[in-house]
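The values are calculated or read from the model by the stated rules, or taken from the named source; none is laboratory data. If you're wondering where the values come from, they're calculated on a predicted model, not measured in any experiment. Methodologically, a virtual Cβ is constructed for each residue, glycine included, from the backbone with ideal geometry; neighbour enumeration extends over all protein chains shown.
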Amino acid sequence: MNTHPARGMRDFLPEEVRRRQWVVGVIADVYQQYGFEPLETPAVENIETLLGKYGEEGDKLIFKILKRGDGGQAGQADLALRYDLTVPLARVVAEYHARLPKFFKRYQVQPVWRADRPQKGRFREFYQCDADAIGSRSMVIEAELLGAAGDVLERLGFADYTLRLNHRGVLAGLLEAGGVSAELQGEALVALDKLDKIGPDGVEAELTSRGVPDKGAHLLLELFGAVTAPGRLATPQAAFNEDVMARLERLVGPARPEAVVELRQILTLVTPSAAGRHVRLDPSLARGLSYYTGAIFEIAVPDLAGSLGGGGRYDNLIGMFLGGDVPACGISLGLERILVVMGEREMFPGGLGRAPAEVMVTIWNLDTVPDALSLAAELRSAGLRVEVYPEADKIGRQFKYASSRSIPVVAVVGDDEAAGGLVTIKDLDSGEQQRVPRAEAGDRVRAALAGR
RNA sequence: GUGAGUGUAGCUCAGUGGUAGAGCUCCGGAUUGUGGAUCCGGCUGUCGCGGGUUCGAUCCCCGUCACUCACCCCA
């Protein structure tokens, strides 16, 4: 019998659960500091809710749930596991818009599922940590979302992250300037997105193979080459952004004034936050999901090919459920991506490896089991985390177990102690032990713990 | 969906066309009221699965499955 979890799925043993909970706690705390409220939605959605929202690639990766009976055998599905947290949010907003505040700001930390092939930092079940704001077209939203993401990363201990920033309107303007026809723009974006990975020559080859005319490909690379020239990493962030901004205003400003203005606003508004030092304009950032309409962002660290998170503005998505245009913008942090990098860099604080209990009560013999349990209850009342050794093994074995579990203190009530109303408290680190009246046991344990 | 690499004890991994190995873990003892360190002893395997070649396959060949990595795309 194969006991591995299903492909791309994972079990989390206690140590790992503690790490995950710690990171999730930091994220939720920061989101709340920015005024986001919690939301949860079902793992399963009606399949038509999801289809057609993510683009062709996305649709293929949706985990479908087959119908019961003959329909299922024919491969029909009417339900699917959610692919992200953004589309379910759009559904929720459409369903409850009358009850929700004018500016609905929600955060959501739940698993999503993708029928992808697993890889480093990529799983078929993974947690997204999203924050989204519905109802405002102001770039205050973008700046606050970038600010929150920056705060999260700072608090987790990242110093070398980049918040890549671009705008779908700017991309469209660039493509028009490059003479790329409307039907080829999607192809061109996929190629341009690889600029930092395969370089200008690679992109040119890719553009050509995707049918973009040589002339257009050349022009595009000229535009992009200017903003991705060697040495750009050494340029101070603000100066770099100013340089890119100036080029965009000249090249794209006339055709797409709003997009360029929005980018400049975001840069200005994000300046006071920690994120301000990490935002970098990147005209080659495209992002694959089809629902983005305005600003787009992606969080990058040098030691991971994929991103730690991403997001952007999607002013048309909610309208697909509700009709009309409801402005919306959000960001998503990938929990396991963050954990993979933090694990490799050993960034977790020491306190996470804590023992399952502060004190272990031994069992002297079968007759004293009730007494051991009462002692445990007394210690718990004193506010301690207490484990009771479950069997009347040799006392040495019980000590060995406590030691192997890193439990720092052991309490023993043997025949001698019971006769005098005493408890032996032993500090396993120092090896010191002391017999004390039972009423003082809790204080004695605390004293031992305090010495650590 | 495409490509590559790896599958041997609970874990990490050696190994050879001729009866299966080490370290760690685990269990017992030295120690019948005291753990870590040390010493002594002990358990553990369909060599991923199926087929082929061979007198004989864990080893060579084919297939298959699983895992890992890369591509695509993404968090």
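The table for this structure:
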read-out	value
Any pair with Cβ under 8 angstrom, 6 or more apart, that starts in region A:389-405 at a residue that is at pLDDT 90 or above and more than 6 Å from RNA strand B (Cβ to nearest atom) and ends at one that is part of a helix (DSSP H, G or I) and hydrophobic (A, V, I, L, M, F, W, C)	A:389/A:402
Qualifying residue in region A:51-63 (condition: β-branched (Val, Ile, Thr) and either at pLDDT below 95 or at positive phi (or both))	yes
Complete set of residues in region A:265-322 that are away from RNA strand B (no atom under 16 Å from the Cβ), among the charged types (D, E, K, R) and within 17 Å of residue A:158 (Cβ to Cβ)	A:277, A:280
Subset of region A:55-72 (residues that are in contact with a strand residue (DSSP E or B) (Cβ under 9 Å, 6 or more places away or on another chain) and either among the β-branched types (Val, Ile, Thr) or farther than 20 Å from residue A:118 by Cβ (or both))	A:62, A:65, A:66, A:67, A:71, A:72
Some residue of region A:348-360 being free of Cβ contacts under 8 Å to residues at least 24 places away in the same chain, closer than 30 Å to residue A:13 by Cα and not assigned by TED's automatic domain parsing to the domain that holds residue A:21	yes
Hey, residue A:341 within 12 Å of RNA strand B (Cβ to nearest atom), buried (at least 17 other Cβ atoms within 10 Å of the Cβ) and not in a strand (DSSP E or B) or not	yes
Selection count, region A:65-78, where residues are without any contact (Cβ under 8 Å) to a residue 24 or more places away in the chain and either in contact with a helix residue (DSSP H, G or I) (Cβ under 8 Å, 6 or more places away or on another chain) or in a strand (DSSP E or B) (or both)	2
Matching residues in region A:344-366 - criterion: being part of a helix (DSSP H, G or I) and among the acidic types (Asp, Glu)	A:344
Among the residues listed as A:165, A:171, A:81, A:89, the single one being in contact (Cβ under 8 Å) with a residue 24 or more places away in the chain and more than 14 Å from RNA strand B (Cβ to nearest atom)	A:165
